[in-house]
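To start, the structure under review is shown below, and the notes come after it.
The values are calculated or read from the model by the stated rules, or taken from the named source; none is laboratory data. Predicted, not measured: the structure shown is a model, and the values here were computed from it. All Cβ positions, even for glycine, are placed from backbone atoms using ideal geometry, and neighbour counts span all protein chains on display. Heavy atoms of the whole protein, side chains included, go into the accessibility calculation; ligands, DNA and RNA do not. Shrake-Rupley method; radii C 1.70, N 1.55, O 1.52, S 1.80 Å.
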Amino acid sequence: MAQFLEVSKLSSQHQKPAGLVLQYGTAGFRTNAKLLDHIMFRMGLLATLRSKKTKATIGVMVTASHNPEEDNGVKLIDPMGEMVTPGWESYATELANAEQDDLLTALKDIIEKEAINMSQGANVFVGRDTRSSSATLTQAVLDGVSALGGHSKDYGLVTTPQLHYMVCCQNTQGKYGDATVEGYNHKLCQAFIQLIKNASNCTDDQKHLSVDGANGIGALKLREMESRLKTELQISLFNDGSKGKLNHQCGADFVKVQQKPPTGFTMNPGERGCSFDGDADRIVYYYTDSEGQFHLLDGDKIATLISTYLKELLTQAGLDLKIAVVQTAYANGSSTHYLENTMKVVVRCTKTGVKHLHHAAQEFDIGVYFEANGHGTVLFSQAAEEKIQQLTEDPNINDERKRAALLLQSTINLINQTVGDAISDMLLIEAILAIKGMTVQQWDAIYSDLPNRQLKVKVSDRRVIDTTDAERRAVTPAGLQEAIDSLVKKHKQARSFVRPSGTEDVVRVYAEAETQESTDALAHEVSLAVYRLAGGVGDEPKPLH
């Protein structure tokens, strides 16, 4: 077949270093950019096959998100803008690791297994972040697509959520929106301005927000949008990429881990700030109080704010729709307690990883999901969207119900339902705070986080740990869960769990309790139990104090 000749010819320009093995994980492939040329070419091939198989447009995003600047990575996007299906993740790993001479065999193997009709057309959308390596790596993806006769559209510099959005727009024939950056900006800003009309007398300082762009693509794309927000949101943009290094001492991950504002960020006490991550699919908020104390509002606080707002609107609209918040075991115990007991919202716990959260959220009329790290969004079922739409058009309802229905409709338009989107989430949070007339301090005071601590224990083989109950309980090794249970009993309001890392031979330990001292002691005790029972390597974990 002529196609395979073209693959052979082009793949020789994208040689695989012999012996290099990489794994396609939740975040796709990620490693040092110098090792990725062959991976990019092969993901171009795979995306083309996926497109032929689904008879739909597939996305390929070149980014390493919150990793350091010298790294890069790639992830595939399925037809509805969601992450690629797990079966094809293993194809990605197989294709990536096939030695140069075995590439065609690996390719034919996938074609055969999936019964792909190679005469079917293919269409692939490609986007990239601002890393210096991204342009040449994107070219390798485009080479892969053309090697199998696929069509490609190169969107150039876009945020990861923007590319997810484009793919969804394309495959819904424009029902979800227009598959251009212009279309994305128009839809989101239009919806934001509609919502903000419902905020009574916001002062100028309430309209002000300081944004840390992580020196990445998010800063660039927010700049393009700024003028459309008119005077409704006044943004001071820091770490906009003009001088700093991507993700270096800035960005959502840095702020969350270090519990302090990004470098070069100036904020007066009580003012709101937020940070994007490198590819703008995560966001966290924060402020400093009059004592100079730093307060972080993470994914749990964001989910609580959004679900509370939605639940109130559903009540006002008189709509009987089932709303749920989906969390992982890392969600702070106080947030779970507040949602279940005060807000009477259903809380569902799933395994760690966005795809698990997204999947669980699809089971409800409205599913709100956020990981503590700030990655999340809201999903509306088709039935829920139709009911809301019908209500906005009903001439026989009172003004309160009509207003609530219109607010829900604009909220749906503001949310990027394909994936977590820092820009969309930021606009939604800003609109909610304005509509509710809430300060960032009032939002923070909804509940108080329990002190928590995360530690890592090096082990010789992370696979010795197996978990159940959405990763909250360890099944193996024998005796570990019993040990954790008895340690937890020694502390007030405590809980702890352990889980293997998805990427390295370490076991992650999480603990929370009534005081930080108690939390740190529990985290250390559980780390020791893991070290002793699960084959720890190196020195025994030391106490934190």
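Starting from residues that are in a helix (DSSP H, G or I) and in contact with a helix residue (DSSP H, G or I) (Cβ under 7 Å, 6 or more places away or on another chain), keep the ones in the stretch 391-401 and report whichever is most open to solvent (accessible area, probe 1.4 Å).
The residue in question is GLU400.
What strands (runs of 3 or more DSSP E), lying completely within the stretch 66-179, carry at least 1 residues that are closer than 30 Å to LYS256 by Cβ and at pLDDT below 95?
71-77
Residues that are touching a residue at least 24 places away in the same chain (Cβ under 8 Å), of a type outside the set (Ser, Thr, Tyr), open to solvent by less than 10 Å² (accessible area, probe 1.4 Å) and more than 21 Å from LYS52 (Cα to Cα): does the stretch 120-132 have at least one?
yes
Filter the stretch 25-52 down to the residues that are open to solvent by less than 10 Å² (accessible area, probe 1.4 Å) and under 17 Å from THR136 (Cβ atoms) and list them by number.
Matches in the stretch 25-52: PHE29, LEU36, HIS38, ILE39, MET40, PHE41, ARG42, MET43, GLY44.
Scan the stretch 521-545 for residues that are in a loop (DSSP other than H, G, I, E, B) and either at positive phi or acidic (Asp, Glu) (or both) and jot them down. It would help to see each step written out before you state the result.
Step one: of the stretch 521-545, the residues in a loop (DSSP other than H, G, I, E, B) are 534-535, 537-545.
The answer is GLY535, GLY538, ASP539, GLU540.
Tally the residues that are under 14 Å from THR304 (Cα atoms), open to solvent by 80 Å² or more (accessible area, probe 1.4 Å) and either of a type outside the set (Gly, Ala, Ser) or not in a loop (DSSP other than H, G, I, E, B) (or both), restricting the search to the stretch 433-478.
Matching residues across the stretch 433-478 total 1.
Quick one: count up the residues across the stretch 80-101 that are within 16 Å of MET40 (Cα to Cα), touching a residue at least 40 places away in the same chain (Cβ under 8 Å) and either in contact with an Asp or Glu (Cβ under 9 Å, 6 or more places away or on another chain) or open to solvent by less than 50 Å² (accessible area, probe 1.4 Å) (or both).
10
Among the residues of the stretch 250-283, which ones are open to solvent by 50 Å² or more (accessible area, probe 1.4 Å) and either free of Cβ contacts under 8 Å to residues at least 40 places away in the same chain or hydroxyl-bearing (Ser, Thr, Tyr) (or both)?
Answer for the stretch 250-283, where residues must be open to solvent by 50 Å² or more (accessible area, probe 1.4 Å) and either free of Cβ contacts under 8 Å to residues at least 40 places away in the same chain or hydroxyl-bearing (Ser, Thr, Tyr) (or both): VAL257, GLN258, GLN259, LYS260, THR263, GLY264, THR266, ASN268, PRO269.
Identify, from the list LYS387, LYS351, LYS355, LYS344, the residue that is free of Cβ contacts under 8 Å to residues at least 60 places away in the same chain and surrounded by fewer than 21 Cβ atoms within 10 Å (Cβ to Cβ).
LYS344
Would it be correct to say that ASP485 is on the phi < 0 side of the Ramachandran plot and either free of Cβ contacts under 8 Å to residues at least 40 places away in the same chain or part of a helix (DSSP H, G or I) (or both)?
Numbers: on the phi < 0 side of the Ramachandran plot: yes; either free of Cβ contacts under 8 Å to residues at least 40 places away in the same chain or part of a helix (DSSP H, G or I) (or both): yes.
So ASP485 fits the description; yes.
Would a scan of the stretch 325-332 turn up a residue that is free of Cβ contacts under 8 Å to residues at least 24 places away in the same chain and either buried (at least 21 other Cβ atoms within 10 Å of the Cβ) or not β-branched (Val, Ile, Thr) (or both)?
Taking the stretch 325-332 as the starting set, the residues that turn out to be free of Cβ contacts under 8 Å to residues at least 24 places away in the same chain are none.
No, every residue in the stretch 325-332 fails to be free of Cβ contacts under 8 Å to residues at least 24 places away in the same chain and either buried (at least 21 other Cβ atoms within 10 Å of the Cβ) or not β-branched (Val, Ile, Thr) (or both).
Out of ARG472, ARG453, report the one residue that is among the basic types (Lys, Arg), more than 21 Å from LEU313 (Cβ to Cβ), in contact with a Lys or Arg (Cβ under 9 Å, 6 or more places away or on another chain) and in contact (Cβ under 8 Å) with a residue 60 or more places away in the chain.
Working: ARG453 fails: in contact with a Lys or Arg (Cβ under 9 Å, 6 or more places away or on another chain).
The unique qualifying residue is ARG472.
Could you pull out the residue among ALA27, ALA33, ALA18 that is of a type in the set (Gly, Ala, Ser), over 28 Å from THR418 (Cα atoms) and either at pLDDT below 90 or touching a helix residue (DSSP H, G or I) at 6+ places or on another chain (Cβ under 9 Å) (or both)?
ALA18
Can you tell me which residue is farthest from the chain's Cα centre (by Cα) among those in the stretch 275-303 that are part of a strand (DSSP E or B) and among the β-branched types (Val, Ile, Thr)?
Step by step, filter the stretch 275-303, then rank; the result is THR288.
For the stretch 213-249, name all the residues that are within 15 Å of ALA64 (Cα to Cα) and crowded, with 22+ Cβ neighbours inside 10 Å. Spell out how you get there, then give the answer.
Step one: list which residues in the stretch 213-249 are within 15 Å of ALA64 (Cα to Cα), which gives 214-218, 245-248.
Hits for the stretch 213-249 are ALA214, ASN215, GLY216, ILE217, GLY218, LEU246, ASN247.
Considering only the stretch 55-65, I want to know if a residue exists there that is of a type in the set (D, E, K, R), surrounded by 15 or more Cβ atoms within 10 Å (Cβ to Cβ) and touching a residue at least 60 places away in the same chain (Cβ under 8 Å).
No, the stretch 55-65 contains no residue that is of a type in the set (D, E, K, R), surrounded by 15 or more Cβ atoms within 10 Å (Cβ to Cβ) and touching a residue at least 60 places away in the same chain (Cβ under 8 Å).
Is it the case that THR377 is hydroxyl-bearing (Ser, Thr, Tyr), open to solvent by less than 10 Å² (accessible area, probe 1.4 Å), under 27 Å from SER501 (Cα atoms) and in contact (Cβ under 8 Å) with a residue 24 or more places away in the chain?
In short, yes.
Anything in the stretch 420-470 that is of a type in the set (Asp, Glu) and in contact with a strand residue (DSSP E or B) (Cβ under 6 Å, 6 or more places away or on another chain)? List them, or say none.
ASP425, ASP444, ASP466
Would you mind telling me which numbered condition in (1) under 22 Å from the mean Cα position of the chain (by Cα); (2) without any contact (Cβ under 8 Å) to a residue 60 or more places away in the chain GLU393 fails?
It is condition (1) that GLU393 fails.
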